[in-house]
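What follows is a short report on a single structure.
The values are calculated or read from the model by the stated rules, or taken from the named source; none is laboratory data. No experiment lies behind these values; they were computed from the predicted model shown. Note that each Cβ is placed from the backbone with ideal geometry, even for glycine, and that neighbours are counted across all protein chains shown.
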Amino acid sequence: MSQNTTLQTEELFKKIISHSKEYGFIYPSSEIYDGLSAVYDYGAYGAELKNNIRAYWWQAMTYLHQNIVGIDAAIFMHPTTWKASGHVDAFNDPLIDNKDSKKRYRADVLIEEHITKLQEKINKEIEKARKRFENFDENLFRSTNPRVKEIQEKIQQIEERFKNALEKNDLQEIKQIILDCEIACPISGTRNWTDVRQFNLMFATQLGSVADEANTIYLRPETAQGIFVNFLNVQKTARMKIPFGIAQTGKAFRNEIVARQFIFRMREFEQMEMQYFVKPGTEMEWYEYWKEARLKWHKALGFSNDYYRFKDHVKLAHYANAACDIEFKFPFGFKELEGIHSRTDFDLSNHEKYSGKKLQYFDVEENRRYVPYVIETSVGLDRLFLAILSAGYKEELVENETRTVLSIPAALAPVKAAVLPLVKKDGMPEIAQKLWEELKYLGKIIYEDKDTIGRRYRRQDAIGTPYCITIDNETLQNETVTIRERDTMQQERIHISKVYSYIEEKTSIKNLLRKL
Ligand code: GAP
C-alpha cells in the first residue's frame, strides 16, 4: 500500500531531496566547496530524465504543429534588448529584511504565504463541519458560517490592498500590510522589519576587457527575448504565416532573493518557452486555446487531475493583458509550474522602437502590415522535473520491508529497462548482453548481474526504471523472459524476440505524444 499520504509533506520533501542525491539525480553544485546557493548539478539519471522531459516538450511543440518551429538563440544578447523588454527598469522583486535575524525575504511572498495560512484555516473549518454533518453543503457553509465569512473577508481585504499596492508600486503600503497582518520572521519570531526595497534580478557581467557601462551585458533572465529579436528572421526563412509559433529551450538566470525549496527556485535554471504570434484582436481566443492545450500536455503524464489547477495573476506583468499559471501540488503546496501570458505587442513594438528596425508582418489576406500579438507558454524544466519526482516518489510496505519507488511516466524514465540475468552462469549473462545490444537503441538500458534479483529490482525501482527483464532457467529452455512492471510488480512471460517492440511500445515518447 502506498504510504505517501502518511508522509508529512515536509518529510516527503526532505526524502525527495536526499533520494535525488543518493540515486544520482541531483547534487548541489560544486559540493566539494560546500555548494553554491540555489545552483544544482544533474547526475547520471537526472540528466537522462531532463533530456526526456525536454524532448517531450520539444516534440509536442515542433513535431505536432505544422506552424511551430524551434530555435536556439544565444544566452548573451545586446544589452539594449533588456532595456526594450523592460527588464532593466522593471524586473524587480520587493525585498524586506528582518533586523533581528538578518534574514532577507520577498515581501510579496510573505504576504502570499500569510494568505495561504488563512485559506488553510478555512479548509480546516470545512473539514470539521464535513465530518459533523450528513449531506454537508460546502457552498452554504462558506456563505453562512460566521468564522469562515470573517476569514474570507480578511483575505479579500488583504488581496485588494496588496493588488493596489503592487499596481502603484507603493513599497511603503506593502510594508504596512506586513505590519497590519502581524507577519513575523519565521527565524527570529519578531516583526522588526526594514523598509521594502526593489531589487533587480538580472546578473550583469562585462563583455570584452573594458569595464565601463557600455560593455555591461546580462545573462538572459528569460529565453523569450531571443525569440522576439529573431521574429522576422524565422518568419521569413521558415516561411511562416500567422498564426505561428517559435519554440526554444535553454538556460535562464535570475539572482533570486528567496532561493529555497531545492530546484523549485534556482539562480540558474532552464526554460521551455513558446511564443505564438497572432493577429491583433484574436489573442484572447489563442490564450484560451493554449491554456487548455498546455494543461492537456501536463495531464498526459498520467498524474491525477487534482495535482493541477489554474491561477489567474493578481498583478499582471508589465507586458501582459491576461496571464495565468498552471499550478502543481508540490509537497509544499500548490505553486506555479507554467505561466501562460498574453503579451500583447509589447515586446515586438518596443524592439522596433529601440532598434529602429521594423518587426511587422505583412498579412496577405488582409493586405496590411501589423505588429503581431503574442501568446506565450513558459514552463521551467527543473520545476517540471521536481513535479515529476514529487508525484512519483512512493514508499510502500512489501513483505515487511519498505520499497522506495519512483513512478516516473515510462516515456520519460531515465532508464527504459534493465536486463538482468538471474545468475551469472549457464549462458544467462551472454543472452542478457545480446538482448542489451538489441535494446540499446530505445534509450538508456541497464545491464546488471550483481546481487540477488530482489535487490536489483529494488535498485531499479528507486531510479524509476519501468521494466526489468529477467533471463532465467526457462529462457534456456523456450527463449521466453519475464518482464516485471515497476508500479504493480506484476510479471509476465514473453518470447525474447518480442521484447524490443514491447519496450518500444510502452516507453516511447512517440506514444506519449499520441495522447495529445
Ligand atoms: N518568459 C516569461 C517568463 O519567464 P516566468 O513566470 O517568470 O515567465 C516562467 O517564468 C517559468 O519559468 C515559471 O513558470 C517557472 O516554471 C520557471 N522559473 C521561473 N523562475 C525560476 C527559478 N528561479 N527557478 C526555476 N524555475 C523558474
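A few comments on the model shown:
- Every test in (1) in a helix (DSSP H, G or I); (2) in contact with a Leu (Cβ under 9 Å, 6 or more places away or on another chain); (3) more than 9 Å from the ligand (Cβ to nearest atom) is passed by ASN233 save one, and that test is (2).
- Here LYS163, LYS128, LYS168, LYS149 are screened, and the one residue that is without any contact (Cβ under 8 Å) to a residue 40 or more places away in the chain, among the basic types (Lys, Arg), surrounded by 12 or more Cβ atoms within 10 Å (Cβ to Cβ) and out of contact with any strand residue (DSSP E or B) (no Cβ under 7 Å at 6 or more places or on another chain) is LYS149.
- Within region 266-274, one or more residues are more than 20 Å from MET77 (Cα to Cα), within 10 Å of the ligand (Cβ to nearest atom) and either assigned to a loop (DSSP other than H, G, I, E, B) or of a type outside the set (Phe, Trp, Tyr) (or both).
- Some residue of region 278-286 being free of Cβ contacts under 8 Å to residues at least 24 places away in the same chain and of a type outside the set (Gly, Ala, Ser): yes
- Listed here are the strands (runs of 3 or more DSSP E) enclosed by region 23-70 that have at least 3 residues being closer than 26 Å to THR465 by Cβ and touching a strand residue (DSSP E or B) at 6+ places or on another chain (Cβ under 9 Å): 26-28, 40-42.
- Number of positions in region 88-129 that are outside any helix (DSSP H, G or I) and aliphatic (A, V, I, L, M): 2
- Breaking point among (1) over 20 Å from GLY380 (Cα atoms); (2) modelled with pLDDT of 95 or more; (3) touching a strand residue (DSSP E or B) at 6+ places or on another chain (Cβ under 8 Å), for GLN3: (2)
- Some residue of region 162-173 being outside any helix (DSSP H, G or I), in contact with a Pro (Cβ under 6 Å, 6 or more places away or on another chain) and modelled with pLDDT of 90 or more: no
- Test: residue in region 283-297 that is surrounded by 17 or more Cβ atoms within 10 Å (Cβ to Cβ), near the ligand (Cβ under 9 Å from one of its atoms) and under 27 Å from VAL88 (Cα atoms): no
- Applying the set (1) closer than 23 Å to LEU64 by Cβ; (2) without any contact (Cβ under 8 Å) to a residue 40 or more places away in the chain; (3) touching a Leu at 6+ places or on another chain (Cβ under 7 Å) to ASN305 leaves exactly one unmet item: (3).
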